[in-house]
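The values are calculated or read from the model by the stated rules, or taken from the named source; none is laboratory data. Source: prediction; values computed, not measured. Here Cβ is always computed from backbone atoms with ideal geometry, including for glycine, and neighbour counts include all displayed protein chains.
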C-alpha cells in the first residue's frame with residue numbers, strides 16, 4: 001500500500017463538504033421512497049452514477065484496468081461499497097427516518113479504527129485518535145438518546161440494515177487503498193458499472209418497474225442522489241482514502257448526522273433541539289483532538 005500523507009487543512013474541508021452532500025442522500029432516499037422501491041432506488045442511483053462518468057472517461061481518454069487482480073478488487077469493492085450498502089440503506093429507511101439512519105451510520109469510526117489497526121501498517125491506535133473518536137461518538141450518542149423514538153416494530157431491523165451498510169463502507173475503504181495507482185474517476189466508474197451489473201438481476205426478478213410520469217419530486221431526488229451524493233462524492237471519498245487513510249475518512253460519519261438534521265430543517269422544516277449544538281461541539285472537539293500527535297503508539 002502507498003504510504004499515507006499527513007492530514008492537512010484542505011482534507012478537513014473536503015471532509016466537511018463530503019459530509020454535507022452525503023447527508024443530503026438520506027433526505028433524497030426518504031423522498032424517493034414515496035414512489036419507488038428500495039431496490040429500484042439503489043439500482044438507479046448506481047446506474048446513473050455510472051453513466052455520469054462515461055463521457056468524462058471518453059473526453060479525458062482514460063482507460064479501464066486490464067488486469068484481473070485490479071478488477072477482482074473493484075468488483076468486491078463494488079459489492080461492499082455500492083450494491084449492498086445502497087440497498088440496505090434504502091431498505092432500512094423504509095422503517096426509520098433520515099436522521100436516525102445517519103446516526104446509526106456513525107458507528108463506522110469504531111469499526112474503521114479496529115480493522116485498520118490490524119490490517120494496515122500506517123493507521124495504528126494512538127491515545128488521541130481513541131479520545132477523538134470517543135468524543136465524537138459521545139456527541140452522536142447524545143443525539144441518539146435524545147432523538148431515538150420509534151413506534152414501528154420494524155425499526156430495529158432498519159437500524160441493523162444501516163449498521164451492516166456502515167460495515168460495508170469501512171471494509172470497502174480498506175480495499176480501495178489497494179487501488180492507489182488507479183485514478184479516482186476510473187475506480188469510481190468501474191465500481192458503479194460492476195455494482196449495476198450485480199444488482200440488475202435482482203431488480204429484474206424482484207422489482208416491478210413503475211410506468212408513470214417521472215416529473216415528480218421523488219424522481220428529481222433520485223437523479224440528484226445519483227449525480228451528487230453518489231457520483232461526485234465517490235471521487236472525493238476515494239481521494240481522501242488513498243491520501244490520508246480509512247480512519248480519517250470514517251470520521252465523516254460523525255458529521256453526517258449533524259448535516260442531515262440541518263437539511264431536514266431546510267427541506268422538512270424540522271427545527272433542531274438544543275442538544276444538537278452540544279453534539280456539534282463534541283464532534284468538532286473530537287476532530288480537533290484526533291489531529292494531536294504523540295510519538296509513541298499505545299498498542
>> With more than 21 Å from residue 162 (Cβ to Cβ), touching a residue at least 24 places away in the same chain (Cβ under 8 Å) and buried (at least 19 other Cβ atoms within 10 Å of the Cβ) as the only criterion, which of 52, 43 stands out?
In response: 52
> Only one of these conditions is not met by residue 64: (1) at pLDDT 90 or above; (2) assigned to a helix (DSSP H, G or I); (3) surrounded by fewer than 16 Cβ atoms within 10 Å (Cβ to Cβ). Which number is it?
Replying inline: (2)
> Which residue, of 203, 133, 162, is assigned to a helix (DSSP H, G or I), modelled with pLDDT of 80 or more, in contact with a helix residue (DSSP H, G or I) (Cβ under 8 Å, 6 or more places away or on another chain) and buried (at least 20 other Cβ atoms within 10 Å of the Cβ)?
Replying inline: 162
> Are any of the residues in the range 209-217 assigned to a helix (DSSP H, G or I) and in contact (Cβ under 8 Å) with a residue 60 or more places away in the chain?
Replying inline: yes
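Determine, yes or no, whether residue 102 is touching a residue at least 12 places away in the same chain (Cβ under 8 Å) and either over 18 Å from residue 185 (Cα atoms) or under 17 Å from the mean Cα position of the chain (by Cα) (or both).
On the way: touching a residue at least 12 places away in the same chain (Cβ under 8 Å): yes; either over 18 Å from residue 185 (Cα atoms) or under 17 Å from the mean Cα position of the chain (by Cα) (or both): yes.
It is true that residue 102 is touching a residue at least 12 places away in the same chain (Cβ under 8 Å) and either over 18 Å from residue 185 (Cα atoms) or under 17 Å from the mean Cα position of the chain (by Cα) (or both).
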> Is there a residue being surrounded by 14 or more Cβ atoms within 10 Å (Cβ to Cβ), outside any helix (DSSP H, G or I) and touching a residue at least 12 places away in the same chain (Cβ under 8 Å) anywhere in the range 16-31?
Replying inline: no
